[in-house]
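The values are calculated or read from the model by the stated rules, or taken from the named source; none is laboratory data. As the structure is a prediction and not an experimental result, all values here were calculated from the model. Every residue, glycine as well, gets a Cβ built from its backbone with ideal geometry; the counts of neighbours run over all protein chains shown. Note: areas computed on protein heavy atoms with side chains; ligands, DNA, RNA excluded. Shrake-Rupley method; radii C 1.70, N 1.55, O 1.52, S 1.80 Å.
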Amino acid sequence: QVQVVESGGGLVQPGGSLRLSCAASGSIFSIYGMGWYRQAPGKQRELVATITGNGNTNYAASVKGRFTISRDNTKNSVFLQMNSLKPEDTAVYYCNIQIGSIGYWGQGTQVTVSS
């Protein structure tokens with residue numbers, strides 16, 4: 001069994017920064033891709049950023065240049081540094097970790113950008 005837990009969300013003013021963390025634990029034999037997704041109220045879940053096993057990254061156009069995804073393979077963890085936050089970044093952020101052929105989701109962490 002695999003557990004995925006996110007942390008680091010919260011309330012921040014426009015222009016501020018937050019760092020999200022996500023760690024997987026349990027029966028882990030090989031982690032492939034890792035990524036962050038978000039879902040705003042009334043909208044579908046959307047991709048924010050992904051990172052492959054060899055470090056290749058991909059970003060949604062709306063966050064490119066402001067967000068940075070990284071991973072620590074020794075800790076089965078993935079991070080999302082979010083800078084220059086905007087009100088439209090407000091959403092529940094979910095971590096997805098691909099182990100073998102299965103993608104495991106965390107429970108989500110709320111990010112609210114508001115003055």
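Provide the FRET efficiency to the nearest 0.05 for the Arg19-Asn54 pair, computing r from the beta carbons and using R0 = 25 Å.
0.65
Note the full-extension length gain between Ser101 and Tyr32 as 0.36 nm times their separation in residues minus their Cα-Cα distance, in nm to one decimal. Please report the intermediate quantities before stating the final value.
Details: separation 69, 0.36 × 69 = 24.84 nm, distance 0.89 nm.
Between Ser101 and Tyr32, full extension yields 24.0 nm more.
Each residue of the stretch 23-29 in order: what ³J(HN,Hα) in whole Hz does its phi give by Karplus 6.51 cos²θ - 1.76 cosθ + 1.60, θ = phi - 60°, with x for Gly and Pro?
Couplings: 10, 9, 9, x, 7, 10, 10 Hz.
List the residues, sorted by chain then number, that are 5 or more residues from Gly108 or on another chain and whose placed amide H is less than 5 Å from its amide H.
Here the answer is Glu6, Cys95, since their amide H atoms fall under 5 Å of that of Gly108.
Provide the solvent-accessible area of Tyr32, counting protein heavy atoms only and rolling a 1.4 Å probe, rounded to the nearest 10 Å².
110
Send over a whole-number figure in Å² for the accessible area per residue of the chain, probe 1.4 Å. Display every interim value, and only then the final one.
Details: 6010 Å² over 115 residues.
On a per-residue basis, 52 Å².
Quantify, in whole percent, the carbon and sulfur part of the accessible surface of the chain (1.4 Å probe; protein heavy atoms only).
On the way: 2880 of 6010 Å².
Reported share for carbon and sulfur atoms: 48 percent.
Give me the distance in nm between label points sitting 7 Å out from Cα along the Cα-to-Cβ direction at Gln1 and Leu47, one decimal.
Roughly 3.1 nm, to one decimal.
Straight-line reach from Lys43: which lysines have a Cα under 29 Å away, not including same-chain ones fewer than 8 places off?
Lys64, Lys86
I need the phi-derived Karplus couplings for the stretch 13-18: 6.51 cos²θ - 1.76 cosθ + 1.60, θ = phi - 60°, integer Hz, Gly and Pro marked x.
7, x, x, x, 10, 9
Between the stretch 1-16 and the stretch 42-115, how far is it from one alpha carbon centroid to the other, in angstrom?
Answer, in whole Å: 9.
Once you've got the GNM for the chain with C-alpha springs shorter than 10 Å, pick whichever of Asn54, Asn83, Asn73 has the biggest mean-square fluctuation.
Taking springs between Cα atoms under 10 Å, the residue moving most is Asn54.
Would you mind telling me which residue in Arg38, Arg66, Arg19 has the biggest mean-square fluctuation in a Gaussian network model of the chain, where springs connect alpha carbons within a distance under 10 angstrom?
So, out of Arg38, Arg66, Arg19, the one fluctuating most is Arg66.
Rank these residues by their accessible area, most exposed first, probe 1.4 Å: Leu85, Leu47.
Details: Leu85 5, Leu47 60 Å².
Ranking Leu85, Leu47 by accessible area, largest first, yields Leu47, Leu85.
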